Amino acid sequence: MTEMTPIARGVRPFSRMLRLTAPNRADAIAFVLLAGLAMLVFRGAEGIAEPLSRLQIEPVTLDPLYLPYYALRTTLRMFAALLASLVFTLVVATLAARSRRAGQIIVPALDILQSVPILGFLTFTVTFFMGLFPGRILGVELAAVFAIFTSQAWNMAFSFYQSLRSVPSDLDEVSRSFGLSPVRRFLRLDLPFATPALVWNMMMSMSGGWFFVVASEAITVGNTTVTLPGIGSWLALAITQKDFVAIGWAVGAMAAVILLYDQLVFRPIVAWADKFRFEQTASAERPRSWAYDLVRRTRLLSLLFAPIIGLGRLLLILDPGGGHRRATKERPASRISELAWQALLAAAVIFAAWTIIGFVMRTLNWGDALAVLGLACLTMIRVLVLIALASLIWVPIGVWIGLRPKWAERLQPVAQFLAAFPANVLFPFAVILIVQWKLSPDVWLSPLMILGTQWYILFNVIAGASAIPTDLREAAGMFGVRGWQWWRQVALPGIFPYYVTGALTASGGSWNASIVAEAVSWGDQKLHASGLGAYIADATTAGDYPRVALGVAAMSLFVIAFNRLLWRPLYAFAERRLRLA
Amino acid sequence: MATIAETRPLVELSNVRHFYGKGHGQMLVLDDVDLTLNENEIVGLLGRSGSGKSTLLRSIAGLLRPSEGDVRFVLGEDGNTPSVSMVFQTFALFPWLTFLQNVELGLEAQRVPAEQRRTRALAAIDLIGLDGFENAYPKELSGGMRQRVGLARALVVDPSLLLMDEPFSALDVLTAETLRTDLLDLWCEGRMPIKSILIVTHNIEEAVLMCDRILVFSSNPGRVAAEIKVDLPQPRDRLDPAFRALVDDIYARMTARAAPEPARDGLFPGTGIAMVLPDVSTDALSGLIEEVDAAPFDGRASMADLADELQLEVDELFPMAETLQLLRLADLSSGDFTLTPPARRYAIADVDQRTAIFAQALLAHVPLAQHIRRILDERPGHTAPARRFRDELEDHMSPDYAAETLRTVTHWGRYAEIFAYDEGADQFSLDDPS
């Protein structure tokens, strides 16, 4: 603490930044790393401004030399979408939390959008964005980025909204009693408080995004197919050419990319965000990151962050002020404006419903709707059976790992990595097997749905099992509780709240995955399972918008019903009865 | 303090009333409070939980606006409106800001230039004696240090009036004592910029130790029940007979209110089955009976001694004592707590007899327990959904109070074995799984 006092005594942080000191070794390493990153960003961004015809001149090739470039383009798309999601979150969630009326619409909308199959929308958005920038790659790029965005934004916004609504009341009172202006309050209280949950959700979103980036790079619009340079297009090409080695390369590249961004981006962010965790006692173990430590040790680097800090400062300087010093009586909104608002909402709802029904009914009839419901039931059976199977396998394994801290420490990151890995990259292997052994696609395509999402069950169960208090385990041991009784009274109740979280995520993900998992191809061989996912996939390829809309609506309905009728009650039960305080 | 300086008013409250909730189940928490805070005095608000002290404090802080009445700040000699700032029970420090940044928060909100901000913050830190910790984060500090930061943060904006919401109740006894003494020293030496302090507390001794004037609040709804001037010179000595006499006197006043009204309905808000029951465990009740039954009390104790002996604050001791009074197991008057004959029998009884005594008291004196038991007796299956009683209670009180009351009566009823409750099915029944 010897060094702190002079800094605290009157020297401001900004002047400290400008104070030139001899760069240290950490500076050098960090500088090279950052310069490299910047180079990569520029290199990757170059391709975006080109005209669309460029894609025909330089089509995606399966040359491993190009793979790093493709991986780069894909990663940049991911981060562009993440940035967009972040901006969306900050604006929309803040609006929802601040304005009661905005909240009335935004909150349920976010809740529903979280569980809607994003892949189904691809057809609509591509057309729109290509129309915005006709003949330019930018349009298609934006469409791809938007597709990823739609898979990332909702849960981030929802978490941010919930954080804003649960700001501790004493901190809220401090801010109000000092008359902090809205901007200052946001930067000082709301944003920091919401950061840890937001970072966690960004990581989840990122994992989910990989799945969609693979599916959204090779886009078919009507009868033209645009393939953006990226891992997804590489994969699509490898599948049509039946190039086994190329798929292996893609898997490797994906693994490398995920590992890199985890180490270079998310670990440092998590380590940094730890200081915003709202607790008054120092936690036993803090998340660590070598990259974060490196950045913190350097001095030159703070210059690089000056723009971000500067932006915050600028906001504060331009801050119009207007923090209300004294509370005003809550003015009940006038009856007339309230009525007008409700009437407006009702009119909008009726109009929207009318449009949708009209659009779908022009080409479809009740028979179609019934058929879709039947298909949805098929997919639902798949999801249920698969979740049950995955639970039977992973719950015992997860508990076993979770109770052994050494193993848990090593395997937890692996499970999280597997959850982040886009399982659709692995689909071709499964297809080859099914074709080879002449298996029934209706049965054997199903496991693909849960290939990527089962890991959520595993790592949540591991977390739950390691959270079972030692005294409970010791008590169970003392009284000789073992076998089925041990599972029934110790392990299962202990992990249940965690298990529900994992199973909920896995089930939602599986519904979504069914769109790519129920209809897969290998070269000219097409495997097809009957189900709602395949229905949507087929309608998308055929450009049959009414069918896509019907399929998406049906799936949304099922997912939401699933959440409301199965997972939420289970979750409430777990919270009430089984949460270990 | 008996000073010759004229007492200028700082804040005047008139006819302040406040309700929580809307429509049915609306609770009146503050009823017709008139209050003037003067310069150069420490005023204590003393009362139990639910007496609206915190609501009153927040009305003055401008954090909420009372449903009716005025909070008026009297312009100072310099023509400025008096300013207030607040110290919180939970410290309310921002965990992501350093100690120094936390202190500077209020200045930052006022757009004080950075250099000046730093100088003033360091002066405040110096005043409360925390030099050297400027760059520490709150989680690195102990509770006492955190509350010092809270105090520095409140003082640095030069408030005329310092509001303190149970500032020492989250600290251990020794730390709390140190902080109280330090604060009093600063006040007596006139080293703080403030003109007056308003402190909310549950602790009668703390109030007598610090305040020049104590306002005793009655609860449900909160009203000023008594105003007590404390003329003892500072520093005060807890063992001084005059000090003890004053503490006893306040206990007497706090127990006096129940006497003129019928004991059964006067204690807790609401009457009949709509009475709000406090969350008091039967173990605590047994413990209190045993304590008073044994030597040195022998069935009769002054509330002040009891609080001292058991290290309980007003908001913990009073609900227990009043519950026993409600059950006619004790009598509470003029600061004395006396066990009734059934309670003396209870103290020496075995488990089964205790259950019987408690059951008898419960069925005789708690209308809600009576009511539930009667319904269960009348129904053919001897079961009744809890929802039904919850709805009934919500006709008379807010959902929170209804839930707490039902929880309490469930707990008491289970202990007395007058009915059983199944949480999963959310229903009451007569059969006891024993």
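Contact map, segment B:173-191: residues that are in the same structural domain as B:ILE42 (by TED's automatic domain parsing) paired with residues that are surrounded by 13 or more Cβ atoms within 10 Å (Cβ to Cβ) and of a type in the set (Lys, Arg), Cβ distance under 8 Å, separation 6+ or inter-chain. Pairs shown: B:LEU179/B:ARG148. When the residues of segment A:167-213 are filtered to those that are assigned to a helix (DSSP H, G or I) and polar (S, T, N, Q), the one that is nearest to the other protein chains (Cβ to nearest Cβ) is A:SER177.
For segment A:62-85, the set of residues classified as without any contact (Cβ under 8 Å) to a residue 24 or more places away in the chain and not in a helix (DSSP H, G or I) consists of A:ASP63 only. Evaluate segment B:90-100: report whether one residue or more is modelled with pLDDT of 85 or more, within 12 Å of chain A (Cβ to nearest Cβ) and assigned to a helix (DSSP H, G or I). Looking through segment B:90-100, at least one residue is modelled with pLDDT of 85 or more, within 12 Å of chain A (Cβ to nearest Cβ) and assigned to a helix (DSSP H, G or I).
Of the residues making up segment B:30-87, those that are in a loop (DSSP other than H, G, I, E, B), at pLDDT 85 or above and under 28 Å from B:ARG236 (Cβ atoms) number 2.
Residues in segment B:101-121 that are touching a residue at least 12 places away in the same chain (Cβ under 8 Å) and at the interface with chain A (Cβ under 8 Å from one of its Cβ atoms): B:LEU105, B:GLY106, B:GLN110, B:ARG118. Do you know which residues across segment A:523-560 are over 16 Å from A:LEU375 (Cβ atoms), buried (at least 20 other Cβ atoms within 10 Å of the Cβ) and modelled with pLDDT under 80? Passing the criteria: none in range. Restricting to segment B:139-156, and then to whatever is surrounded by fewer than 22 Cβ atoms within 10 Å (Cβ to Cβ) and among the hydrophobic types (A, V, I, L, M, F, W, C), can you tell me which residue is nearest to the other protein chains (Cβ to nearest Cβ)? Applying the filter and picking the extreme gives B:LEU141. In the set B:LEU57, B:LEU63, only one residue is surrounded by fewer than 22 Cβ atoms within 10 Å (Cβ to Cβ), within 11 Å of chain A (Cβ to nearest Cβ), under 27 Å from the mean Cα position of the chain (by Cα) and in contact (Cβ under 8 Å) with a residue 24 or more places away in the chain; that residue is B:LEU57.
In segment A:490-522, which residues are part of a helix (DSSP H, G or I) and more than 27 Å from A:ARG564 (Cα to Cα)? Of everything in segment A:490-522, just one residue is part of a helix (DSSP H, G or I) and more than 27 Å from A:ARG564 (Cα to Cα), namely A:VAL490. Note on segment B:76-91: residues that are surrounded by fewer than 24 Cβ atoms within 10 Å (Cβ to Cβ) and either on the phi > 0 side of the Ramachandran plot or among the aromatic types (Phe, Trp, Tyr) (or both) amount to 2.
Of the set (1) modelled with pLDDT of 90 or more; (2) surrounded by 19 or more Cβ atoms within 10 Å (Cβ to Cβ); (3) away from chain A (no Cβ under 12 Å), all apply to B:ILE194 but (1). Being surrounded by 17 or more Cβ atoms within 10 Å (Cβ to Cβ), under 30 Å from A:PHE244 (Cα atoms) and modelled with pLDDT under 85: is that true of A:ASN563 here? Here the answer is no, as A:ASN563 does not meet what is asked. Of all residues in segment A:260-281, one or more are modelled with pLDDT of 85 or more and of a type outside the set (Phe, Trp, Tyr). Considering each residue of segment B:114-136 in turn, at least one proves to be part of a helix (DSSP H, G or I), crowded, with 23+ Cβ neighbours inside 10 Å and not β-branched (Val, Ile, Thr).
For segment B:202-218, the criterion of a residue being in the same structural domain as B:VAL87 (by TED's automatic domain parsing), at pLDDT 90 or above and of a type in the set (S, T, N, Q) is satisfied by no position.
With respect to the stated conditions, A:SER216 is of a type in the set (Gly, Ala, Ser), touching a Gly at 6+ places or on another chain (Cβ under 9 Å) and more than 9 Å from chain B (Cβ to nearest Cβ).
Within segment B:122-138, is even one residue within 19 Å of A:SER175 (Cα to Cα), in contact with a Lys or Arg (Cβ under 6 Å, 6 or more places away or on another chain) and facing another protein chain (nearest Cβ under 7 Å)? Yes; the residues of segment B:122-138 include at least one that is within 19 Å of A:SER175 (Cα to Cα), in contact with a Lys or Arg (Cβ under 6 Å, 6 or more places away or on another chain) and facing another protein chain (nearest Cβ under 7 Å). Taking the listed residues B:THR323, B:THR282, the one that is hydroxyl-bearing (Ser, Thr, Tyr) and crowded, with 19+ Cβ neighbours inside 10 Å is B:THR323, with no other qualifying. Exactly one condition in (1) crowded, with 23+ Cβ neighbours inside 10 Å; (2) more than 14 Å from every other protein chain (Cβ to nearest Cβ); (3) within 20 Å of the chain's Cα centre (by Cα) is false for B:LEU183; which is it? Among (1) crowded, with 23+ Cβ neighbours inside 10 Å; (2) more than 14 Å from every other protein chain (Cβ to nearest Cβ); (3) within 20 Å of the chain's Cα centre (by Cα), B:LEU183 violates only (3).
The values are calculated or read from the model by the stated rules, or taken from the named source; none is laboratory data. Keep in mind it's a predicted model, so treat the numbers as computed, not measured. For neighbour counting, all protein chains shown are included, and Cβ atoms are generated from backbone atoms with ideal geometry for every residue, glycine included.
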